[in-house]
1. If you go through region 38-50 one residue at a time, do you hit one that is in contact (Cβ under 8 Å) with a residue 12 or more places away in the chain, over 13 Å from the mean Cα position of the chain (by Cα) and open to solvent by 50 Å² or more (accessible area, probe 1.4 Å)?
2. Could you look through region 102-114, keep only residues that are more than 14 Å from Trp76 (Cβ to Cβ) and touching a residue at least 12 places away in the same chain (Cβ under 8 Å), and pick out the one that is least open to solvent (accessible area, probe 1.4 Å)?
3. Restrict the check to region 93-104 and report whether at least one residue is among the charged types (D, E, K, R) and more than 26 Å from Asp126 (Cα to Cα).
4. State which residue pairs qualify: first residue without any contact (Cβ under 8 Å) to a residue 24 or more places away in the chain and closer than 11 Å to Ser105 by Cα and inside region 119-136, second residue crowded, with 16+ Cβ neighbours inside 10 Å and hydroxyl-bearing (Ser, Thr, Tyr) in any location, beta carbons under 8 Å apart, and separation of 6 or more residues or different chains.
5. Please verify whether region 64-79 includes one or more residues that are in contact (Cβ under 8 Å) with a residue 12 or more places away in the chain, in a strand (DSSP E or B) and among the aromatic types (Phe, Trp, Tyr).
6. Output the residues belonging to region 87-136 that are in a loop (DSSP other than H, G, I, E, B), of a type in the set (A, V, I, L, M, F, W, C) and out of contact with any Pro (no Cβ under 7 Å at 6 or more places or on another chain).
7. Could you look through region 34-70, keep only residues that are at pLDDT 95 or above and of a type in the set (Lys, Arg), and pick out the one that is nearest to Ala120 (Cα to Cα)?
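The values are calculated or read from the model by the stated rules, or taken from the named source; none is laboratory data. On a predicted model such as this, the values are computed, not experimentally measured, just so you know. Please note: Cβ atoms are built from the backbone with ideal geometry, for glycine as well, and neighbour counts cover all protein chains shown. For accessibility, only protein heavy atoms count, side chains too; no ligands or nucleic acids. Shrake-Rupley method; radii C 1.70, N 1.55, O 1.52, S 1.80 Å.
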Amino acid sequence: MKAGWILGCAALGVTPALAANLTVTVTGIRSNQGRIVVAICDEANFPKGACPYHGEAPARIGQVTVRVPGLPAGTWAAAVYHDEIGDQPIKYGLLGAPKQGFGFSRDARMRFGPPRFADAAFSPGDSVTVPLHYPR
């Protein structure tokens, strides 16, 4: 049935939005402790909402690659953090800054609050690298 739908769309000149696997390279990891957690968010949920796509990998000093399966076409942003002690979800300090290593796609920066979605946005097929920043 699914193949028939795809062929029917192709015959009409319509390309269905197929899901893809996204690979996120996370850099700047300071320890082997815990896990690297990646959330892929739409604009309405970036960066603290119920992001619909996730991936995790064991932490390694330097960098790790995290695979996020089934990402449909569209515009997305990644929010990443280093869960060093396994106490998900991410913890925030009094001023709203994350207490763990964190980062956003396109290295979007926090300035008196979370980055804008447009500063972190990407499309599936883009190369996504997220450098982590740790609180001092």
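1. No, the conditions are met nowhere in region 38-50.
2. Residues of region 102-114 more than 14 Å from Trp76 (Cβ to Cβ): 102-103, 107, 109-114.
Filter again for touching a residue at least 12 places away in the same chain (Cβ under 8 Å), leaving 102-103, 107, 110, 113-114.
Numbers: Phe102: 34, Gly103: 2, Asp107: 46, Met110: 61, Gly113: 23, Pro114: 73 Å².
In this case the residue turns out to be Gly103.
3. Keep residues of region 93-104 that are among the charged types (D, E, K, R), which gives 99.
Restricting the remaining residues to those that are more than 26 Å from Asp126 (Cα to Cα) gives 99.
Within region 93-104, one or more residues are among the charged types (D, E, K, R) and more than 26 Å from Asp126 (Cα to Cα).
4. Hits for this filter: zero, empty list.
5. Yes, that holds for at least one residue.
6. Going through region 87-136, the residues in a loop (DSSP other than H, G, I, E, B) turn out to be 87-91, 93-97, 99-101, 108-116, 123-127, 132, 134-136.
Next, from what is left, pick out any that are of a type in the set (A, V, I, L, M, F, W, C): 90, 94-95, 97, 108, 110, 112, 132.
Across region 87-136, the qualifying residues are Leu94, Leu95, Met110, Phe112, Leu132.
7. Arg67
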